[in-house]
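Okay, so here's the structure we're looking at.
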Amino acid sequence: MNKHISDNKHEFNLRRVEELSKEMTEKENELKSTKGFFNVRKIKKELKKINAQIEVHAQEISEFERRKAKEQ
(Lines give C-alpha, C1' and ligand atoms only; values in the text may rest on other atoms or scores of the structure.)
Protein backbone atom coordinates (compact mmCIF):
# COMPACT_ATOMS: atom_id res chain seq x y z
CA MET A 1 0.00 0.00 0.00
CA ASN A 2 2.77 2.45 0.92
CA LYS A 3 4.59 1.84 -2.36
CA HIS A 4 1.42 2.63 -4.30
CA ILE A 5 1.11 5.98 -2.54
CA SER A 6 4.74 6.74 -3.31
CA ASP A 7 4.19 5.98 -6.99
CA ASN A 8 1.21 8.34 -7.07
CA LYS A 9 3.19 11.06 -5.33
CA HIS A 10 6.02 10.56 -7.83
CA GLU A 11 3.64 10.95 -10.76
CA PHE A 12 2.16 14.07 -9.16
CA ASN A 13 5.65 15.55 -8.70
CA LEU A 14 6.53 14.89 -12.34
CA ARG A 15 3.33 16.56 -13.54
CA ARG A 16 3.78 19.48 -11.17
CA VAL A 17 7.36 20.15 -12.29
CA GLU A 18 6.19 20.19 -15.89
CA GLU A 19 3.34 22.60 -15.08
CA LEU A 20 5.60 24.88 -13.08
CA SER A 21 8.21 24.89 -15.85
CA LYS A 22 5.59 26.07 -18.34
CA GLU A 23 4.40 28.72 -15.90
CA MET A 24 7.97 29.86 -15.34
CA THR A 25 8.55 30.20 -19.10
CA GLU A 26 5.40 32.30 -19.40
CA LYS A 27 6.51 34.56 -16.53
CA GLU A 28 10.00 34.95 -18.07
CA ASN A 29 8.41 36.01 -21.36
CA GLU A 30 6.15 38.41 -19.48
CA LEU A 31 9.18 39.82 -17.68
CA LYS A 32 10.87 40.64 -20.99
CA SER A 33 7.98 42.86 -22.04
CA THR A 34 7.21 44.37 -18.63
CA LYS A 35 8.08 47.94 -17.83
CA GLY A 36 8.17 49.66 -14.51
CA PHE A 37 10.27 48.89 -11.47
CA PHE A 38 7.50 47.50 -9.28
CA ASN A 39 6.00 45.35 -12.02
CA VAL A 40 9.39 43.83 -12.79
CA ARG A 41 10.04 43.24 -9.12
CA LYS A 42 6.65 41.57 -8.69
CA ILE A 43 7.31 39.16 -11.56
CA LYS A 44 10.80 38.37 -10.27
CA LYS A 45 9.30 37.55 -6.87
CA GLU A 46 6.79 35.23 -8.55
CA LEU A 47 9.64 33.57 -10.47
CA LYS A 48 11.50 32.96 -7.21
CA LYS A 49 8.42 31.28 -5.71
CA ILE A 50 7.95 29.08 -8.77
CA ASN A 51 11.62 28.12 -8.75
CA ALA A 52 11.44 27.18 -5.06
CA GLN A 53 8.42 24.96 -5.75
CA ILE A 54 10.22 23.29 -8.65
CA GLU A 55 13.22 22.60 -6.42
CA VAL A 56 11.02 20.95 -3.77
CA HIS A 57 9.30 18.70 -6.28
CA ALA A 58 12.55 17.91 -8.09
CA GLN A 59 14.17 16.91 -4.81
CA GLU A 60 11.29 14.54 -4.05
CA ILE A 61 11.57 13.07 -7.56
CA SER A 62 15.29 12.40 -7.20
CA GLU A 63 14.81 10.92 -3.73
CA PHE A 64 12.08 8.59 -5.02
CA GLU A 65 14.19 7.49 -8.00
CA ARG A 66 17.19 6.89 -5.74
CA ARG A 67 15.09 4.67 -3.45
CA LYS A 68 13.66 2.87 -6.47
CA ALA A 69 17.18 2.19 -7.79
CA LYS A 70 18.26 0.76 -4.43
CA GLU A 71 15.31 -1.64 -4.45
CA GLN A 72 16.34 -3.11 -7.79
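Assorted remarks:
- Surface share of carbon and sulfur [accessible, 1.4 angstrom probe, percent] for the chain: 52
- On the beta carbon distance between Ser6 and Lys42, with R0 = 35 Å, the FRET formula returns roughly 0.40.
- Three principal axis lengths of the stretch 13-72 [C-alpha, angstrom, descending]: 54, 15, 12
- Listed values for the stretch 25-38 are Karplus-derived 3J(HN,Hα) couplings in whole Hz (6.51 cos²θ - 1.76 cosθ + 1.60, θ = phi - 60°), namely 4, 4, 5, 5, 5, 5, 5, 4, 9, 7, 10, x, 4, 6, and x replaces Gly and Pro.
- Solvent exposure of Arg66, expressed as accessible area, is near 140 Å², computed with a probe of 1.4 Å over the protein chains only.
- Whole-number accessible area per residue in Å² for the chain, which is evaluated in the context of all protein chains at 1.4 Å: 83
- Relative contact order for the chain, counting Cα pairs under 8 Å that sit 6 or more residues apart, in percent: 47
- If you sort Phe12, Phe37 by accessible surface, 1.4 Å probe, largest first, the order is Phe37, Phe12.
The values are calculated or read from the model by the stated rules, or taken from the named source; none is laboratory data. Keep in mind that what you see is a predicted model, and the values were worked out from it rather than measured. Every residue, glycine as well, gets a Cβ built from its backbone with ideal geometry; the counts of neighbours run over all protein chains shown. Protein only, heavy atoms only, side chains kept; ligands, DNA and RNA dropped before computing areas. Shrake-Rupley method; radii C 1.70, N 1.55, O 1.52, S 1.80 Å.
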